[in-house]
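A.B. asks: Let me begin by handing over the structure; questions about it come next.
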């Protein structure tokens with residue numbers, strides 16, 4: 001009936017108790033995040049089951065998102081994330097990198113090695129910020145570069161707490177090509193490495209992406225999007241003894257960066 005439909009729409013537009021937000025906006029963004037978690041393409045029934053929202057509500061929200069270009073409807077009637085999100089994501093990644101640079105600079109000052117920040121974007125790792133070491137012999141990774149997770153320290157740090165079946169599915173999609181003779185090339189080997197990351201609290205790329213280079217990485221806790229920071233340098237400098245000194249610095253900077261990102265998000269809200 002028109003009257004009940006109107007009342008539902010009015011209720012969705014009202015501020016959500018305790019947050020000061022608009023319920024329909026909160027629900028729309030929640031659906032977008034659920035779509036991303038599901039691989040970018042879902043059906044309405046799947047969204048209803050995962051979100052607990054009734055199908056008519058989801059259908060109305062999805063129609064709006066389609067009209068705005070943030071979602072598109074496929075020929076098979078399923079819904080996929082839309083291309084307009086790419087522009088938002090690229091801008092957000094650049095901003096995240098800008099916010100991270102002072103913390104990466106601090107890492108360089110305290111460890112002497114090149115510092116990086118990377119995000120998990122779909123099945124790939126993308127580097128969003130870097131501050132180079134002051135040594136004449138130093139590592140350089142182009143901002144915007146994309147690599148596969150299995151051969152990187154940041155990839156291990158970002159996937160360490162992902163359920164094993166999801167890790168296996170990702171590896172099946174990407175494959176596990178060997179970048180060097182030390183690259184992990186089996187799912188079992190990679191899952192064992194992730195177990196070591198969980199136990200140690202940090203990840204290591206030991207000549208796995210490039211011979212002669214070692215990388216230490218930790219996740220940024222409770223970041224708005226899965227993120228990790230790392231240092232990389234020649235294996236002759238990033239030794240086991242150096243690891244014991246560098247890892248606590250990495251972990252402290254990651255916590256401070258997480259606090260800064262949370263504060264920034266809250267102030268903008």
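Every residue, every condition in (1) in the same structural domain as residue 252 (by TED's automatic domain parsing); (2) farther than 19 Å from residue 257 by Cα, yes or no:
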position	(1), (2)
51	no, yes
54	no, yes
102	yes, no
105	yes, no
147	yes, yes
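A.B. asks: Follow-up. If I go through the stretch 130-167 residue by residue, how many of them are crowded, with 23+ Cβ neighbours inside 10 Å and within 17 Å of residue 98 (Cβ to Cβ)?
C.D. replies: Here the count works out to 1.
A.B. asks: Oh, and also: Mind listing whichever residues of the stretch 139-155 are touching a residue at least 24 places away in the same chain (Cβ under 8 Å) and over 12 Å from the mean Cα position of the chain (by Cα)?
C.D. replies: Across the stretch 139-155, the qualifying residues are 139, 140, 141, 143, 146, 147, 148, 150, 151, 152, 153.
A.B. asks: Every residue in the stretch 107-125 that is buried (at least 18 other Cβ atoms within 10 Å of the Cβ) and touching a strand residue (DSSP E or B) at 6+ places or on another chain (Cβ under 7 Å), please.
C.D. replies: Across the stretch 107-125, the qualifying residues are 107, 108, 111, 113, 114, 115, 116, 117, 118, 119, 125.
A.B. asks: Let me ask something additional. Restricting attention to the stretch 34-51, does a residue exist that is over 26 Å from the mean Cα position of the chain (by Cα) and modelled with pLDDT of 85 or more?
C.D. replies: Yes, that holds for at least one residue.
A.B. asks: Here's something else I'd like to know. What are the residue pairs meeting all of these: first residue in the stretch 24-37, first residue assigned by TED's automatic domain parsing to the domain that holds residue 48, second residue surrounded by fewer than 14 Cβ atoms within 10 Å (Cβ to Cβ), Cβ atoms under 6 Å, and 6 or more apart or on different chains?
C.D. replies: Pairs found: 24/13.
A.B. asks: Sticking with this structure for a sec: Given 25, 61, which one is under 24 Å from residue 224 (Cα atoms), over 22 Å from the mean Cα position of the chain (by Cα) and modelled with pLDDT of 90 or more?
C.D. replies: Sole residue among the options that is under 24 Å from residue 224 (Cα atoms), over 22 Å from the mean Cα position of the chain (by Cα) and modelled with pLDDT of 90 or more: 61.
A.B. asks: I need the full set of residues from the stretch 195-211 which are out of contact with any strand residue (DSSP E or B) (no Cβ under 6 Å at 6 or more places or on another chain) and in a loop (DSSP other than H, G, I, E, B), in order please.
C.D. replies: Selection gives 201, 207, 208, 209, 210, 211.
A.B. asks: Given (1) within 26 Å of residue 173 (Cα to Cα); (2) surrounded by 15 or more Cβ atoms within 10 Å (Cβ to Cβ); (3) in contact (Cβ under 8 Å) with a residue 24 or more places away in the chain, where does residue 46 come up short, assuming only one miss?
C.D. replies: Failing condition for residue 46: (3).
A.B. asks: Would you check if there is a residue in the stretch 182-192 being on the phi < 0 side of the Ramachandran plot, in contact with a strand residue (DSSP E or B) (Cβ under 6 Å, 6 or more places away or on another chain) and surrounded by fewer than 21 Cβ atoms within 10 Å (Cβ to Cβ)?
C.D. replies: no
A.B. asks: For the condition without any contact (Cβ under 8 Å) to a residue 24 or more places away in the chain and closer than 24 Å to residue 128 by Cα, what is the one hit in 248, 163?
C.D. replies: Testing whether each residue is without any contact (Cβ under 8 Å) to a residue 24 or more places away in the chain and closer than 24 Å to residue 128 by Cα leaves just 248.
The values are calculated or read from the model by the stated rules, or taken from the named source; none is laboratory data. Bear in mind that the values here come from a model prediction, so they are computed numbers and not experimental data. Positions of Cβ are generated from backbone atoms using ideal geometry, with glycine treated the same way; all protein chains shown enter the neighbour counts.
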